[in-house]
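The values are calculated or read from the model by the stated rules, or taken from the named source; none is laboratory data. Treat the numbers as computed from the prediction; the structure is a model and nothing was measured. Heavy atoms of the whole protein, side chains included, go into the accessibility calculation; ligands, DNA and RNA do not. Shrake-Rupley method; radii C 1.70, N 1.55, O 1.52, S 1.80 Å.
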Amino acid sequence: SAPSRVSAGSHSVGLQCRCGEDWEGGCLASVTPTEVWTVMGCGICPHTRTNDLPTSNLTDSTMALSSCVCLPGLKEIDPARPHLHDTCEPCPAGHYNDALNATECTQCPRGRFSTDEGQDGVSGCQ
């Protein structure tokens, strides 16, 4: 989807993306610096994050990464600063998480275990 509104001031830039509901991974307005210039555009959340937003706003030249939450099977390791970098980390072996944007993983039930990281439900515990 193309940007639906762009505004620029002397020190900041804003962008609103109207992605609709068909974007797998959610909608994210972002800036990407290159060696020559900065590219603004509409895209999706990083691969470890998602959202269900049909629109996304970039304000004061700041990426709206905090609107993208960690997927099930992952935990947010820096909930105070999700906008600075991708801070989703897989649940360790023997644990799972079946919720969006969790900050902790749940240990597999007694007598069950998973050798794989990033389990997104108790069914991953064998």
Selection over region 87-100 where residues are assigned to a loop (DSSP other than H, G, I, E, B) and either of a type in the set (A, V, I, L, M, F, W, C) or open to solvent by 70 Å² or more (accessible area, probe 1.4 Å) (or both) yields a count of 5
Filtered residues of region 1-58 (kept if among the small types (Gly, Ala, Ser), at pLDDT 75 or above and part of a loop (DSSP other than H, G, I, E, B)): GLY25, GLY26
